[in-house]
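Participant: Mind having a look at this structure? Questions to follow.
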Amino acid sequence: MHSVLMDVDTGIDDALALVYLLSRPEVRLQAITCTAGNVGARQVALNNLALLELCGRQGVEVAIGAETPLEIPLVTTEETHGPQGIGYAELPQPAQGISPRHAVDVWVDEVRTHPGEITGLITGPLTNFALALRREPRLPRLLKGLVIMGGSFYYQGNTTPTAEWNTSVDPHAAKEVFAAYRGLPEDKLPIVCALETTERIEMRPEHLRRLGEAAGTPEPELVLPEQPEGLRSASSNPLVACLSDAVRFYMEFHRLYDQGYVAHVHDAFAACAAIGRTPFSTRLATVDVETDSPLLVGTTVADFRGLWGLPANARIVSDNNPDQCFDELIASIGALARRLGVPQKGQIGTSP
Ligand code: BDR
Ligand code: CA
């Protein structure tokens, strides 16, 4: 059994990561904490709650933490992830409420209560986790492991020419988190899924078609570049329809930035990696984050050669296998969608 505590800024690819983990029978989701990033923290929480309900999983705690980065104003990106953060998907108001616990309390209490058992997975800015570390500096040793989606190492950024989105939103938090890991044993160092490998996890129309097939939907799931923008899925399966409507938006966004009719599903790779269901290799490095220079703020720097004379504090993913990752995502999410089936009248689904 894998116990996973997620911190997310849902977000289209965060949504895929969450649905994927919900599709895995061996994963216990300890709780979901929400950070402001792609959209505001409250909207992130509503998205997570609605996705849980769509997947038939009430009862997982969803908590909000910091609603702004540590030291700089919040920037969100509805342009990338849609007005609510899940592209064109529109989910009903969730029945379950947001937890009264603060995200920082969730991290500290859960990890202290289950020492050595919980894998942390962070696919948003590192604000909540940095605050949790201030409160409980032993978190890195108490966690079983930590997987972070963030950074970009000697590779074009996706927010500034050198900075990746999650570190760019809260560079001070990222700097604190990497500093807290200096000198820890190798097996405790965070696994960092950065742009140079997560951008290889390129979702294409073919993957959505295969998802529909894996879900057993009679109609082919067609999301195609020649279709009008904003077309909604006609799938009779609500989970397929939701993910398809979400990813269509992401594909249109990537096309707008000359990356083709594809979607980089960074966070879904991080989720597969966190539970060991996709192959990858890592490279030890000492990581630091630029917080001062107006030109380079949010840029992550990796010292692979020990030039700084400082101990390693990260294991940066250096290779992965996109085909195997998509095989895993499609088979597992498809099987969940098939189990959930077609809703009866009165059950939830996405709006047309
Ligand atoms: C990261 O930024 C967000 O927009 C995505 O959800 C992902 O976590 C990629 O840079
Ligand atoms: Ca994210």
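Every read-out reported here was derived from the displayed coordinates using simple, explicitly stated rules and does not represent laboratory data. Bear in mind the structure is a predicted one, so any value in this text is a computation, not a measurement. Cβ: placed from backbone, ideal geometry, glycine included. Neighbour counts: every protein chain shown.
Participant: Summing +1 for each Lys or Arg and -1 for each Asp or Glu, what net charge is found among the other residues whose Cβ lies under 13 Å from the Cβ of Phe253? Present the calculation step by step, with values, prior to reporting the outcome.
Facilitator: Working: positive: Arg248, Arg255; negative: Asp13, Glu78, Glu79, Glu229, Glu252, Asp258.
Summing Lys/Arg as +1 and Asp/Glu as -1 gives -4.
Participant: What longest range of the chain stays clear of loop-exposed GluC sites (Glu not before Pro) (DSSP non-H/G/I/E/B, at most 15 other C-beta within 10 angstrom)?
Facilitator: Values: sites that count: Glu26, Glu67, Glu71, Glu226, Glu229.
So the longest stretch without any such site is 72-225.
Participant: Mind giving me the nanometre distance, one decimal, between the label points for Glu213 and Arg141, set 7 Å out from Cα along Cα→Cβ?
Facilitator: For the pair Glu213/Arg141, the computed spacing is 5.1 nm.
Participant: Would you mind getting me the FRET efficiency between Glu226 and Ile72? Use the beta-carbon distance for r and R0 = 41 Å, nearest 0.05. Could you put the intermediate results ahead of the total?
Facilitator: On the way: r = 41 Å, r/R0 = 1.00.
It comes out at approximately 0.50.
Participant: Near Asn158, within a Cβ-to-Cβ distance under 10 Å, what is the net charge of the other residues, with Lys and Arg +1 and Asp and Glu -1? Spell out each step's value before the answer.
Facilitator: Details: positive: none; negative: Glu164, Glu199.
Residues close to Asn158 contribute a combined charge of -2.
Participant: Convert each backbone phi in segment 38-45 into a coupling constant with the Karplus relation 6.51 cos²θ - 1.76 cosθ + 1.60 (shift: θ = phi - 60°), then list the ³J(HN,Hα) values in order as whole Hz, x for Gly and Pro.
Facilitator: 4, 9, x, 4, 5, 5, 4, 5
Participant: Then there is this: Rank Ala302, Ala63, Ala271 by mean-square fluctuation in a GNM of the chain with C-alpha springs under 10 angstrom and give only the top-ranked residue.
Facilitator: For the chain, modelled as a Gaussian network with Cα springs under 10 Å, the answer is Ala302.
Participant: While we're here: Quick check on the chain: helices-only [θ] at 222 nm, where DSSP H runs of length 4 and up contribute -39,500 (n - 2.57) each and the sum goes over total residues. Nearest 500, please. All intermediate terms of the calculation are to be shown ahead of the outcome.
Facilitator: Numbers: 13 runs with 131 residues, N = 352.
Helix contribution divided over all residues of the chain: -11000 deg cm²/dmol.
Participant: For the chain, rounded, prolate or oblate, judged on the Cα gyration tensor with a ≥ b ≥ c (square roots of eigenvalues), a/c < 1.5 rounded, else prolate if a/b > b/c?
Facilitator: Details: a/c = 1.66, a/b = 1.41, b/c = 1.18.
The shape class here is prolate.
Participant: Same structure again: Counting Lys and Arg as +1 and Asp and Glu as -1, each charge on the Cβ, what is the dipole of the chain about the Cα centre in debye, to the nearest 20? Don't jump to the answer; show the numbers that get you there.
Facilitator: Details: 28 positive and 43 negative charges, 201 e Å.
Charge dipole of the chain: 960 debye, to the nearest 20.
Participant: Between Ala312 and residues 5 or more places away or on another chain, which pairs have amide H atoms under 5 Å apart, with H built 1.01 Å from N, and which residues are they?
Facilitator: It is Gly183, by chain and number.
Participant: Using the Karplus curve 6.51 cos²θ - 1.76 cosθ + 1.60 with θ = phi - 60°, what ³J(HN,Hα) values do you get for each residue of segment 250-266, in whole Hz, with x for Gly and Pro?
Facilitator: Those phi angles translate into 5, 5, 5, 5, 4, 5, 4, 9, 6, 9, x, 7, 9, 9, 7, 9, 3 Hz.
Participant: Taking the Cα centre of each part, how many Å lie between segment 81-137 and segment 25-63?
Facilitator: Measuring centre to centre over Cα atoms gives 8 Å.
Participant: Just to check I understand the Karplus step: with θ = phi - 60° and J = 6.51 cos²θ - 1.76 cosθ + 1.60, what whole-Hz values come out for segment 152-162, glycine and proline as x?
Facilitator: Once rounded to whole Hz, the list reads 7, 10, 6, 8, 3, x, 10, 10, 10, x, 10.
Participant: Right, something else. Working from Cα positions, state the angle (0 to 90°, nearest 10) between the long axis of helix 322-340 and the longest principal axis of the chain.
Facilitator: Once rounded, one gets 50 degrees.
Participant: Sequence-distant or interchain residues sharing an amide H contact under 5 Å with Thr282, placed H: which?
Facilitator: Here Ser318 satisfy the definition.
Participant: Charges on Cβ only, +1 for Lys and Arg, -1 for Asp and Glu, centred on the Cα centroid of the chain; of Gly87, Gly56, His2, which one is farthest towards the dipole's positive end?
Facilitator: After comparing all options, I get His2.
Participant: Continuing with this model, one more query. Tell me the Rg and the Dmax, in Å, that the Cα atoms of segment 190-286 produce.
Facilitator: 15.2, 50
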